[in-house]
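The values are calculated or read from the model by the stated rules, or taken from the named source; none is laboratory data. Being a predicted model, the structure only gives us computed values, none of them experimental. Counting neighbours? That spans all protein chains shown, and the Cβs are built from the backbone with ideal geometry, glycine included.
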């Protein structure tokens with residue numbers, strides 16, 4: 001028998017997390033003051049998970065698709081190797097002044113580079129490969145991102161994909177015109193059928209899929 005609601009379970013998990021570093025608190029406060037939709041920040045539970053994965057893998061190069069405030073980018077930067085770097089792709093160049101003032105000036109900001117413009121156009125121009133990739137962008141293009149990201153992911157690299165439960169919509173009959181849920185379902189199918197990959201879907205926040213590129 002289940003005890004407690006989903007929100008209560010999440011709150012309990014968040015209560016066990018270590019405190020956020022001050023640079024994350026400052027960024028989060030600024031996003032609530034100056035940005036629309038500040039709930040798009042990853043939040044403490046998911047942010048600490050991203051940080052832990054980064055610390056465990058100690059990547060030299062991390063790719064993020066979807067910067068928003070830069071909260072997740074900072075979490076991913078926490079575990080970088082000494083000369084490591086996070087390259088983050090953001091479609092909305094109107095966020096550039098916010099990043100200049102609140103992201104790049106933070107403790108780990110020098111380890112983060114943001115490339116503005118549609119990610120589908122930017123990805124083919126990136127020649128580097130990555131040990132860790134985090135996808136949290138426009139859901140309608142999720143299935144289109146996958147083959148491009150797979151090419152960029154190193155063997156034994158980890159691909160993390162956010163919102164793969166999509167507020168439970170993946171469990172409901174697909175509604176006509178719901179291109180976002182359709183793309184998420186298509187991406188799940190593509191990865192599940194890809195013999196080069198193995199996945200586990202974690203019920204963390206809105207569903208975080210972890211995918212490993214097999215050797």
Problem set entry | Qualifying residue in segment 16-25 (condition: more than 30 Å from residue 155 (Cα to Cα), in contact (Cβ under 8 Å) with a residue 40 or more places away in the chain and in a loop (DSSP other than H, G, I, E, B)) | yes
Exercise. Which residue out of 107, 100 is modelled with pLDDT under 95 and over 18 Å from residue 136 (Cβ atoms)?
Worked result: 107
Exercise. Regarding residue 137, is this residue touching a residue at least 40 places away in the same chain (Cβ under 8 Å), surrounded by 15 or more Cβ atoms within 10 Å (Cβ to Cβ) and more than 26 Å from residue 57 (Cβ to Cβ)?
Worked result: no
For this session: Looking at (1) assigned to a loop (DSSP other than H, G, I, E, B); (2) surrounded by fewer than 15 Cβ atoms within 10 Å (Cβ to Cβ); (3) out of contact with any helix residue (DSSP H, G or I) (no Cβ under 6 Å at 6 or more places or on another chain), find the lone condition where residue 59 falls short.
Result: (2)
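Conditions (1) surrounded by fewer than 21 Cβ atoms within 10 Å (Cβ to Cβ); (2) within 17 Å of the chain's Cα centre (by Cα); (3) within 24 Å of residue 210 (Cα to Cα), marked per residue:
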site: 17; (1), (2), (3): yes, no, yes
site: 26; (1), (2), (3): yes, no, no
site: 29; (1), (2), (3): yes, no, no
site: 88; (1), (2), (3): no, yes, yes
site: 102; (1), (2), (3): no, no, no
site: 112; (1), (2), (3): no, yes, yes
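Residue by residue, here is whether (1) farther than 23 Å from residue 76 by Cβ; (2) without any contact (Cβ under 8 Å) to a residue 12 or more places away in the chain holds:
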residue	(1), (2)
147	no, yes
160	no, no
171	yes, yes
175	yes, yes
183	yes, no
197	no, no
209	no, no
214	no, no
Problem set entry | Top-ranked residue of segment 180-203 - restricted to ones that are loosely packed, with under 14 Cβ neighbours inside 10 Å and closer than 22 Å to residue 154 by Cβ, ranked as nearest to the chain's Cα centre (by Cα) | 200
Exercise. Of the residues 158, 126, 115, which is under 11 Å from residue 66 (Cα atoms) and modelled with pLDDT of 95 or more?
Worked result: 115
Exercise. Can residue 71 be described as on the phi < 0 side of the Ramachandran plot and without any contact (Cβ under 8 Å) to a residue 24 or more places away in the chain?
Worked result: no
Problem set entry | residue 73 being closer than 30 Å to residue 178 by Cα, in a loop (DSSP other than H, G, I, E, B) and either out of contact with any strand residue (DSSP E or B) (no Cβ under 9 Å at 6 or more places or on another chain) or at pLDDT 95 or above (or both) | no
